1. If the requirement is being outside any loop (DSSP other than H, G, I, E, B), away from ligand 1 (no atom under 16 Å from the Cβ) and closer than 27 Å to Arg29 by Cβ, which of these qualifies: Arg127, Arg179, Arg199?
2. Could you tell me how many of the residues in segment 1-18 are surrounded by fewer than 17 Cβ atoms within 10 Å (Cβ to Cβ) and either among the β-branched types (Val, Ile, Thr) or within 16 Å of ligand 2 (Cβ to nearest atom) (or both)?
3. Looking at Gly81, is it away from ligand 1 (no atom under 16 Å from the Cβ) and surrounded by fewer than 18 Cβ atoms within 10 Å (Cβ to Cβ)?
4. Restricting attention to segment 144-167, report how many residues are assigned to a loop (DSSP other than H, G, I, E, B) and within 16 Å of ligand 1 (Cβ to nearest atom).
5. Has segment 124-144 got any residue that is on the phi > 0 side of the Ramachandran plot and either more than 14 Å from the chain's Cα centre (by Cα) or of a type outside the set (S, T, N, Q) (or both)?
6. Output the residue which, of all residues in segment 159-175 that are more than 13 Å from the chain's Cα centre (by Cα) and crowded, with 17+ Cβ neighbours inside 10 Å, is farthest from Leu51 (Cα to Cα).
7. Which condition breaks for Ile173 when tested against (1) part of a helix (DSSP H, G or I); (2) more than 16 Å from ligand 1 (Cβ to nearest atom); (3) within 22 Å of Gly43 (Cα to Cα)?
8. State yes or no: is Gln144 of a type in the set (S, T, N, Q) and under 18 Å from Thr93 (Cα atoms)?
Amino acid sequence: MSAPMLQVRDLQVAYGHIEAVQGISFEVRAGEIRTLVGANGAGKSTTLLALSGLLRPKAGSIRFEGEELTKLAPHQIVERGLVQVAEGRAILTTLTVRENLELGAYRRKDRAAIADDLARVLALFPRLEERIDGLAGNLSGGEQQMLAIGRALLAKPRLLLLDEPSMGLAPIIVQDIFRKLREINAQGLTIFLVEQNVRQALKIARHGYVIENGRIVLEGSGRELLHDPKVTAAYLGG
Ligand SMILES: Nc1ncnc2c1ncn2[C@@H]1O[C@H](COP(=O)(O)OP(=O)(O)OP(=O)(O)O)[C@@H](O)[C@H]1O
Ligand SMILES: [Mg+2]
C-alpha cells in the first residue's frame, strides 16, 4: 500500500493545563473519507486546529504528503492543500454568496482555474447559484454550511477537513450535506471529517476513529464501528 497522505503521530495539544488531546495517532489515505467521531469536548476541534496550524501542538508530528507541518504557519498549510471548513461555518453574513465564495480563492492567482472551480461549486450546490447575489446572512443553516464547503473548495484543497458540518441542522438537511460530501469525494477529493453525528459520519467513512477525553479508544472500518456494541451503546442510542 502507498504511504498515507496524512500521518499524525502521538499528537498532544493543550490549552495551558488542560490536556485536550493526549497523544493520538491516525492517518488519512488519498481518495478516501475518514472520520474522527466523539462527544462534546472529546478533542475533535482541537485536533483539527492543530492540523491547520492554528494551535501549536505540545508534542507529536503531523506529516502531510511526506512534509512535517507542525512548524508551518496556517497560510503555508493552506497552500499545501490542507483546507478546513471551520466549526460553526464562519460565513460573513453581510457579504453576498459570491463574495464569500471568492474569499476562498483570495490566495490564488490562476484566474481561469478559479472561474472553473466556481462553476463546479455552483453546479454542486444549485441553491447557491440561485442566491449568488443575495446576502449570505439570508441563507438557511444548511445553505450556509454548503457555502462554507464551497468556499473551502475554492481554496483548491488536496485534503478537505470538516468540523461538524451537521451541527445545528435538521436530520434531512444533514443527509443532504453528507450526500454532497460523498459526491465531492467521488470527484476525487480526500476528506477528513470530524463529527458528533456518529451514525451519519460512520455511514459515509471508509475508516473511522472514536475519540474520548483526548484519546483514541477505538478504530475500524466505518461499517465495523457502526456495528460495534461499544459504539452502539455509547453513541447510537443503544
Ligand atoms: N480555548 C480553549 N481554552 C481552554 N480549554 C479549551 C478551549 N477549547 C477547548 N477546550 C477544552 O478542550 C477540550 C476539547 O475541546 P474540543 O473543542 O476540541 O472538543 P470537541 O470534540 O470539538 O467538542 P464539540 O463536539 O463540542 O465541538 C474540552 O475539554 C474543552 O473544554
Ligand atoms: Mg468541536
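Only the coordinates and a few stated rules stand behind these numbers; no lab work does. Keep in mind that this is a model prediction, so the values were computed, not measured. Reconstructed Cβ throughout: ideal geometry from the backbone, glycine too, with neighbour counts over all protein chains shown.
1. Arg179
2. Number of matching residues: 2.
3. yes
4. 4
5. Checked against the condition, which is being on the phi > 0 side of the Ramachandran plot and either more than 14 Å from the chain's Cα centre (by Cα) or of a type outside the set (S, T, N, Q) (or both), segment 124-144 yields no hits at all.
6. That would be Ile173.
7. Just one mismatch for Ile173, condition (3).
8. Yes, satisfied.
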